[in-house]
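Student: Once you've had a glance at the structure underneath, I'll fire off some questions.
The values are calculated or read from the model by the stated rules, or taken from the named source; none is laboratory data. These figures come from a predicted structure and were not determined experimentally. Every residue, glycine as well, gets a Cβ built from its backbone with ideal geometry; the counts of neighbours run over all protein chains shown. The protein model used for the area step is the full one, side chains on, heavy atoms only, and it has no ligands, DNA or RNA in it. Shrake-Rupley method; radii C 1.70, N 1.55, O 1.52, S 1.80 Å.
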Amino acid sequence: MGKTIGDKIKSLRKERKLTLKEIADKTDLSISFLSQVERMKSSLTLESLKKISEVLQVNPSYFFSTETEQKQPTVIRGNNSIADMTVNQFIYKDLSGNHTGLGFNPLLIILNPGENKGNQFTHHGKEFLYVLDGKLTVQINDEEYHLNEHDSIIIDSSSPHYWLNLESKPVKFLCVSSE
């Protein structure tokens, strides 16, 4: 069985010689909450995961990727449960097919209706978003961009941004972010 999100957070935290208190101070999350997350006793919101990612200096998609390197092409079937992960109102599916060192992280993301709470965040790299189904609202700095099916956007991830679903049905989109 692969590493959980909690395992990956703890491993990165120790690798970077950070204490739970230091992460708590930088993210405004409590030490007890962070401890519970590391032990998978508590679930994360996307906003919390992004704050933790920023402090640990990784792209949030790092927590959904697998770690086995492969040289052969990989077909990812829609019915495979490759690292399907639900984080509260968000559903992530890692589409990397166990490949590492790609230079990008492909994810399928589903935001359920009304998922519109949270603060903008920044991280390294760029993001390419492509809406497969529904309507996605993307906030970048003080501007909102409304994307319909088959619309796409490229974001410089160092600009504060956030994804929202202001609609009454789920929105499904691809997020490909650079490492």
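Student: Using a 1.4 Å probe, what is the accessible area per residue for the stretch 2-54, in Å²?
Tutor: 54
Student: Now, a different point. Among 147-160, 49-62, how do they line up by average Cβ neighbours within 10 Å per residue, starting with the highest?
Tutor: For the peptides 147-160, 49-62, the packing ranking is 49-62, 147-160.
Student: If you don't mind, there's one more thing I want to ask. Would you work out if the stretch 119-179 is rounded, prolate or oblate? Take a ≥ b ≥ c from the square roots of the eigenvalues of the alpha-carbon gyration tensor; rounded if a/c is under 1.5, else prolate when a/b is larger than b/c, oblate otherwise.
Tutor: oblate
Student: Can you give the alpha-carbon Rg of the stretch 7-61 over 2.2 N^0.38 Å, where N counts its residues?
Tutor: In units of the 2.2 N^0.38 Å rule of thumb, it is 0.97.
Student: Which percent of Cα pairs goes in each bin when the distances of the stretch 101-140 are cut into 5 angstrom slices starting at zero?
Tutor: 5, 13, 27, 27, 18, 7, 2
Student: Taking 0.36 nm per intervening residue step and subtracting the Cα-Cα distance, what contour gain separates Asp28 from Leu166 on full extension?
Tutor: Gain on stretching Asp28 to Leu166: 47.1 nm.
Student: For Asp25, what charge total do you get from the other residues with a beta carbon under 14 Å from its beta carbon, if Lys and Arg give +1 and Asp and Glu give -1?
Tutor: Here the charged neighbours net out to +1.
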